[in-house]
Amino acid sequence: MTEIGRARLRTEDTRLVTGRTRWTDNLTPAGTLHVAYLRSPHAHARIDNVDVEAAKDRPNVVAVLSGKDFAEEQGALPCAWQVTEDMKLPAHPPMAVDEVRYAGEPVACVVARDRYSAVDALEDIDVDYTPLPPVVDMERAVQDGADLVHSDMGTNASYTWVFEQGDLDAAMRDAPVLLERRFVQQRLIPTAMEPRAVLCEPDGSGPNMDFTLYSATQIPHILRLMLAVVTEIPEHRIRVIAPDVGGGFGSKLQVYGEEVLALLLARRLGRPVKWTESRSEGNMAVHHGRDQIQKVTLAADRDGLVKGLKVELLADMGAYLMLVTPGVPLLGAFMFPGIYKMDAYSFTCTGVFTNKTPTDAYRGAGRPEATFAIERLMDDLADELGVDPLEVRRRNWIRHEEFPYESIAGLTYDTGNYEAATEKALALFEYDKLRAEQSDRRDRRDPVQLGIGVSTYTEMCGLAPSRVLGSLSYGAGGWEHASVRVLPSGKVEVVTGSSAHGQGHETAWAQIASDRLGVPFEDVKVLHGDTAVSPKGMDTYGSRSLAVGGVALFRACDKVVEKARAIAAHLLEASEDDLEFGGGRFSVRGVEAAGLTIQEITQAAFAAHDLPDGVEPSLDSDVTHDPENFSFPHGTHLCAVEVDTETGFTRIRKYVAVDDVGTVVNPMIVEGQVHGGLAQGIAQALYEEAVYDADGNLTTTTMADYLLPSAADLPSFTTDRTETPAAGNPLGVKGVGEAGTIASTPAVVNAIVDALRPFGVRDVPMPCTPERVWTALREGGAL
Amino acid sequence: MIPPTFEYLRPESLDEAVRMLPDAGEDAKVLAGGQSLMPLLRLRLAYPDALVDLDRVAALREIRDDGDAIVIGATATHHQVVHDPLVREHAPLVAAATATVADPAVRHRGTFGGSLAHADPAGDLPAVALALDAVMLARSASGGEREIPAREFFVDWMTTALEPDELLTGVRVPKPGPGWGFHYEKFHRTAQAWAIVGVACGVRRVQGAVEDVRIGLTNMGSVPVRASAVEERLGGGTLSDGALREASEHAADGCEPPADLHGSADYRRHLARVLTRRALSAATTR
């Protein structure tokens, strides 16, 4: 049976697409109370008084509470990543008590019998604020005498983290080519299709009270542990369920104040409480992504060989450090060198507090920023030397025969073939033909110019070897758990600690189990996302599900087969060594007729009438898999844009993505991940930006202002693959969840800059809006 | 959506609607397709005492021939307008501009009259109505029926000449004579986004000479505006590339365009000039 590699439709899609399913907001147990939050309208202010009396008198209102009411029990939201010993980690109350530090921070809540009454009553809560100076500019925030986000810390710098390898001074000193650039990674809002929602149901009373907390989260297991730590409610009294979850992109890799408060409210009121955010509320209060200022210097010789790379980052943390906030830019620290060889590298990152929504993981988390910088630099290096951008890459990249290769950042790239992916991409793109057209348009002074952008990326994903996380001072491991339960009838339940929120686990995991056990695909049920059903797990982020959780399942299936083999040998009166397993059946080598199916062995194990000595009556297995290495997907993306030099409008004419994600379990799911990733990466290049005004107010709270592309705005993508199996896991798989996002942003911006170089344009800040392109053209001076 | 509380009224006929409106109070709002009003309610930017829902007033959805004009009922949906044979034949500019409004879901709910009565200068249809010298048909219990030319209808940002007790019942769009060409040039960042600038234009040529030019600009001020300076320059002349280019340079004359995240005022002025040239060119080359 060859289920691995089969393009199956996703079995979960009917219910997900129609919405007739268990979204958290669809769940309303009898007696549920509804919560609404009042949020700070100020970026920075002291809370002098919160008057809730009038709100309490509104119809259907059960309780109105402010931060003071929770002060004794709410604890502080966790940060699991102490990146340096002296990292400044301010206390982060789930609900603000004395001071608000970003617009959108919860200040009070109403609990009512229905959602309308709860929201209406918010208008009767009266808060006295004394505005404090807002810190909105990262570069000014780290200057002497700057206003402070946390006055008791004495600085807005949370930490400075340094990585150095090789003699950078030497590399820079003699370099005939030095490129210094400043790139801004704008702030992005993750915008999962399903907004956040939490429902907490209490059961019992007093110290024996149990809680079932439903949340639209990526991390039911981590959330359970963290809720126990924050609230001091014993972990075994908390059950967390992530029912169907409609996307996350990192934004639901978080422990949110609203989740903690749901637990506290359920305990206080003894009734189920539910909260679902609105889109505008979410834009302010879901953690944001990116937001870095990058100063990068690349040293090369006249042949275009890269000698060294220096990276200095300011990374906006926002007002508080949330679950992995400080670590996100450091995931990029290892990726700035990309696929290139060099002698020296230095990386310095300072995490900066501002009076803005906290940042944290967003699809790619650190790696898109790094890839953008190096891929933009390689295009500029090509321009500087007057060679083709692919040629300059060829001169510097790791050749396929050089793997495994230890990068200058200390990673061991296990496998890869950049040459093969690039050749395939060039052919699909018709590179030479488009270059000829570009030249023709330049000669004709066509108002619509053509640009070609290149991005040859790799990334580190499949987070992560626990020992590596330990060396980076992360607060947990990076393993994943899988259980296989073979039911008496021969059907199979697979339990995974990986928590699906749109990726298609139920299909892909069933394919793996079906393939390995030789049972029909339809006979496998995948269970996930409930700490009572799947008690062990590290959840879903960092393109880790298949590369870690899928491998755990692969190994667990093999364990089942080995258990079955012992029973089969006994029943067939053959030596285990003489048994062959294939298509779900053990047979005696050379005696085809003598054999037993895995279902027959299951029944024998269940009956347990005739088992070999010392063999337990079960085929079930558990594996907790800790990866030895990251996985390193790579690929070559080529983008052609048409830029209207009169209006500044950019249209993507052609986009070719050739990705190498190793062995593919379900090509259709992989293609979907690539398409979605491309859309999000292109969106950073062209459309999305969270904009704050000088007072620290977010001005992009609706989708009219925070622009997302739809299918109508995107080209028809041409995708293809090369398959270089990962060496670090028996499935040969690499992560694919973030690759498209990581690769595409620089491909698009490189294409725009390529189109405009004859006009004196060297850069366009992201998002490359028509007005910014138009401005860059005017400032280029050649129009 | 969690809007503030309001009283909900649902008349069954036009007469009943017109009678209900004054009784519903000064702060009542008329609900048609809801594509502008609902977001305002959701964001709690509007607190109407009452909503008068026109959904059951079937007569307002009709599109009919009226001799030298067609009359588009106020609650005809965008989808209906785009596909209506009368509109396509006699008001092709309306059909073309309406097809660019938002996305299919919005076009199935949103209405022609609703867009005009909402009077958002970023909306596509006010500039079209202005360019076509359309006439708004209004009705109230106190004043009966009244006709308001488009030039007088758009008073200020999201403000029309309609009285609080007055209902927009339809729009009379004159049938163009022979020789007209039309085009709507919309510039926006994504397909669903509002126009940063839009140009609605019609040009009538007789034997090569320009007899009449009408240009309405979207999002170039607090109300839709006519690019009069361009119209004057082209009237009576011929349409050489040079003449088009020269005249279009005046497209933004006298405009006070807004500045927002999608474009500064200067950029909008620039776009108005480029897009006017393109719109005129497109209107005269088909």
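Observations on the structure shown:
- Think of the range B:143-280 as having a plus end and a minus end, set by charges on the Cβ of Lys, Arg, Asp and Glu; of B:ALA243, B:PRO257, B:LEU271, B:ALA243 sits farthest toward the positive end of this dipole.
- Mean-position separation - Cα centroids, the range A:15-73 and the range B:214-257, in angstrom: 53
- Rounded to the nearest 20, the Cβ-based charge dipole of the range B:90-155 about its Cα centre (Lys and Arg +1, Asp and Glu -1) stands at 140 debye.
- Gyration tensor verdict on the range B:135-286 (Cα atoms; rounded if a/c is under 1.5, prolate if a/b is larger than b/c, oblate otherwise): oblate
- Set of aspartates and glutamates near A:LYS88 by C-alpha distance (under 15 Å), chain-local residues within fewer than 8 positions excluded: A:ASP152, A:ASP316
- Between the range A:200-260 and the range A:726-744, the C-alpha centres lie 30 angstrom from each other.
- Distance in nm between pseudo-label sites at A:MET668 and B:ALA59 (7 Å out along the Cβ direction from Cα): 5.4
- Estimated from the Cβ-Cβ distance and a Förster radius of 22 angstrom, the FRET efficiency linking A:SER466 and A:ASP622 is about 0.80.
- Calculated FRET efficiency, A:SER710 to A:ASP174, Cβ-Cβ distance, R0 = 51 Å: about 0.50 to the nearest 0.05.
- Cα-based reach from A:LYS56 at 27 Å (exclusive), listing lysines while leaving out same-chain residues under 8 positions away: A:LYS68, A:LYS274
- Of the residues A:PHE372, A:ASN396, A:THR359, the one whose Cα sits farthest toward the positive end of the charge dipole of the range A:338-446, with +1 on the Cβ of Lys and Arg and -1 on the Cβ of Asp and Glu, is A:THR359.
- Label separation (B:TRP157 vs B:SER240): 4.3 nm, computed from points 7 Å beyond Cα along the C-beta direction.
- A:GLU580 paired with B:TYR8, simple spin-label distance in nm, labels 7 Å along Cα-to-beta-carbon: 7.0
- Fully extended contour minus Cα-Cα distance, from A:GLU85 to A:LEU269, at 0.36 nm per residue: 62.2 nm
- On the beta carbon distance between A:THR718 and B:ASP133, with R0 = 41 Å, the FRET formula returns roughly 0.25.
- For the range B:54-77, the residues whose backbone nitrogen is under 16 Å from a point 7 Å from the Cα of B:LYS175, taken along Cα to Cβ, are B:63-72.
- Summing Cβ point charges (Lys, Arg +1; Asp, Glu -1) relative to the Cα centre of the protein assembly as shown gives a dipole of roughly 1660 debye.
- 3J(HN,Hα) along the range A:691-704: 10, 10, 8, 5, 8, x, 8, 6, 9, 10, 8, 10, 6, 6 Hz, from the Karplus curve 6.51 cos²θ - 1.76 cosθ + 1.60 with θ = phi - 60°, whole Hz, x for Gly and Pro.
- Positive-end residue, the protein assembly as shown charge dipole about Cα centroid, Cβ charges, pick of A:MET193, A:LEU253, A:SER439: A:SER439
- Unsatisfied cross-links (Cα-Cα over 27 Å) in the set A:LYS252/A:LYS341; A:LYS424/A:LYS525; A:LYS252/A:LYS559; A:LYS525/A:LYS563; A:LYS536/A:LYS559; A:LYS433/B:LYS186: A:LYS252/A:LYS341; A:LYS424/A:LYS525; A:LYS252/A:LYS559; A:LYS433/B:LYS186
Values quoted throughout were computed directly from the atomic coordinates according to the rules given, and no laboratory measurement underlies them. Here the structure is a predicted model, which means the values were calculated and not measured. FYI the Cβ positions are ideal-geometry reconstructions off the backbone, even for glycines, and counts take in every protein chain you see.
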